[in-house]
Structure formats: structure tokens, C-alpha cells
Amino acid sequence: ASEYKPQLILVSAGYDIYFQDPLGAMKVTPEGFATLTSLIMDMAQSNCQGRLVITLEGGYHLNGLRDSVKATLRELIGESILSGSKREGRKLSSTEKIIEKVKEVHKAFWSSL
């Protein structure tokens, strides 16, 4: 985002990545959504004076949708559910390897990588 210099960040928030969602097959918890929201808020603050719009896209596990949207909204209004250690996020070595591969492919196009 810093290289692109957006005037506004738009997020289409799909909650089907919730860990118990029948369609997503991913492992994101409400705390994970809060962490993602925090990271996006930091990006918006650094790049476009905090201008951020988040719209609800989907999610099919109703309790997970409720809890995850609540975690997102609490982060947005400054009532984070995250403690200091959770805010750092849990990194999996397999995830880090994938991120490094993606960065390697894209660094030819983005000098910030």
C-alpha cells in the first residue's frame, strides 16, 4: 500500500475464512480477524490518513460470523479483544515460507518488497 499510495482503503470482508465455516476450510478465529483489522487500520493510518471502508461480504457459520464481525467492529472502535502478545500474531513456519515465495515472485514489480 505504501508504494501504491491509496487515498482510501476498501475491504470486502469475507468471513467464510472462519475456522468452522463450512465453505472456507481455513483456520481464522475471531482473534485472527481482530489482528487482520488492526493491520489494515495501521496500513490505512500510514498511507491514507486512516480512511478505511469495510463491507460485509459473507460467512456461513452464524455464530462464527457474529463473533468475528464483533471482533472486527471492536477493533475499529478501539475496544480491541487482543492482548499485547496476541497483537503480534501467531506465525506458522509454513505460512512464512509461502509469504517469502510470493514476495520473491512480486518483488520485480514492487520495490518495497
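Numbers at a glance
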| item | result |
| --- | --- |
| Test: residue in region 32-50 that is closer than 29 Å to L113 by Cα and not in a helix (DSSP H, G or I) | yes |
| Meets criteria (within 17 Å of the chain's Cα centre (by Cα) and without any contact (Cβ under 8 Å) to a residue 12 or more places away in the chain) for K97 | no |
| Residue pairs meeting the criteria (Cβ under 6 Å; at least 6 apart or on separate chains; first under 13 Å from T72 (Cα atoms), in region 7-23; second modelled with pLDDT of 95 or more and not in a strand (DSSP E or B)) | Y15/L65; Y15/S68; Y18/H61; Y18/G64; Y18/S68 |
| Residue in region 20-29 that is buried (at least 18 other Cβ atoms within 10 Å of the Cβ) and assigned to a helix (DSSP H, G or I) present | no |
| Some residue of region 6-14 being among the hydroxyl-bearing types (S, T, Y) and part of a loop (DSSP other than H, G, I, E, B) | no |
| Tally, over region 84-95, of residues that are surrounded by 10 or more Cβ atoms within 10 Å (Cβ to Cβ) and modelled with pLDDT of 75 or more | 1 |
| Close pairs from region 50-77: first over 12 Å from D21 (Cβ atoms) and at pLDDT 95 or above, partner of a type in the set (S, T, N, Q) and surrounded by 14 or more Cβ atoms within 10 Å (Cβ to Cβ), Cβ under 6 Å, at least 6 apart | T72/T37; E75/T37; E75/S38 |
| Search result, residues across region 33-60 that are over 17 Å from S80 (Cα atoms) and among the charged types (D, E, K, R) | R51, E57 |
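The values are calculated or read from the model by the stated rules, or taken from the named source; none is laboratory data. The structure presented is a predicted model; accordingly, all values stated were derived computationally and were not measured. Positions of Cβ are generated from backbone atoms using ideal geometry, with glycine treated the same way; all protein chains shown enter the neighbour counts.
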